[in-house]
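The values are calculated or read from the model by the stated rules, or taken from the named source; none is laboratory data. Note that the coordinates shown come from a computational prediction; the quantities given were computed from them, not determined experimentally. FYI the Cβ positions are ideal-geometry reconstructions off the backbone, even for glycines, and counts take in every protein chain you see. In case anyone asks, the SASA skips ligands and DNA or RNA and just uses the protein heavy atoms, side chains included. Shrake-Rupley method; radii C 1.70, N 1.55, O 1.52, S 1.80 Å.
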Amino acid sequence: MPVYWDDACRHLTRRDRVMKRLIPQFGDHRLASRGDAFTTLARSIVGQQISVKAAQTVWDRFALLPKKMTPGNVLRLKVDDMRTAGLSARKIEYLVDLSLHFDSESVSADNWHAMEDDAVIAELIGIRGIGRWTAEMFLIFHLMRPNVLPLDDVGLINGISKNYFSGDPVSRSDAREVAAAWAPFCSVATWYIWRSLD
């Protein structure tokens, strides 16, 4: 659990009426990181544009191919085996590009924890198949950054619509206005908004 979580919850319940109602509903549930940076990004590429369930199935099959999920091992896999696991040609290209970036150390993954959010995003979107949304999810779920507001996330926009605007359509600027009260803990508020949709 992130060290800032309890402070964030106190801040959000004081500053925002919706958070005051939502946060207690989820008790002790917290954001938790899983896996190393490479595996986290590989999973997000596998999961693009397919359902959560389908993504899990494909990931489970793909994860059996290398002895251990490392960039070097992924680069040694046969394309045909990856196709058989359920990966499209494009996703295979993306996974190879990701592996090359990590293997050649052309991304400074070891320094990401010390870098500013925008600097990490800039490095990540230099990898094929990783856009701003994936980079922001990585900041929230892997680096546990407290103040990420993923405005391209459909769930966040729908959740703001449902919780703050009685279901009316919401623009990015509406979302930004709501989130002004959340800073510097936008990631935590976003997490609760997502939970409210489950």
Next item on the list: Identify the residue in region 156-175 that is in a helix (DSSP H, G or I) and loosely packed, with under 12 Cβ neighbours inside 10 Å and, among all such residues, is farthest from the chain's Cα centre (by Cα).
Entry: 173
Next item on the list: Being open to solvent by 30 Å² or more (accessible area, probe 1.4 Å), small (Gly, Ala, Ser) and assigned to a helix (DSSP H, G or I) narrows it down to one of 119, 135, so name that one.
Entry: 119
Checklist line | Residue within region 83-91 that is without any contact (Cβ under 8 Å) to a residue 24 or more places away in the chain and open to solvent by 70 Å² or more (accessible area, probe 1.4 Å) present | finding: yes
Note to self: Kindly evaluate residue 130 against the criterion of being of a type outside the set (Gly, Ala, Ser), touching a residue at least 12 places away in the same chain (Cβ under 8 Å) and not in a helix (DSSP H, G or I).
What the structure shows: yes
Next item on the list: Return the only residue of 25, 48 being of a type outside the set (A, V, I, L, M) and open to solvent by 70 Å² or more (accessible area, probe 1.4 Å).
Entry: 25
Margin query: Against the definition (over 16 Å from the mean Cα position of the chain (by Cα) and surrounded by 13 or more Cβ atoms within 10 Å (Cβ to Cβ)), how does residue 38 come out, yes or no?
Written below: no
Notebook entry, point to check: When both residues are 6+ apart or on different chains and their Cβ atoms are under 6 Å apart, which pairs have a first residue that lies in region 45-73 and is in a helix (DSSP H, G or I), and a second that is open to solvent by 60 Å² or more (accessible area, probe 1.4 Å)?
Noted result: 59/43; 71/103; 72/103
Next item on the list: Collect the residues in region 140-191 that are of a type in the set (Phe, Trp, Tyr), in contact (Cβ under 8 Å) with a residue 60 or more places away in the chain and closer than 15 Å to residue 18 by Cα, keeping them in residue-number order.
Entry: 164, 182, 185, 191
Item checked: Of all residues in region 99-116 being of a type in the set (S, T, N, Q) and in a helix (DSSP H, G or I), the one that is surrounded by the fewest Cβ atoms within 10 Å (Cβ to Cβ) -> 111
Check: What is the one condition in (1) exposed (fewer than 15 other Cβ atoms within 10 Å of the Cβ); (2) modelled with pLDDT of 95 or more that residue 95 does not satisfy?
Finding: (1)
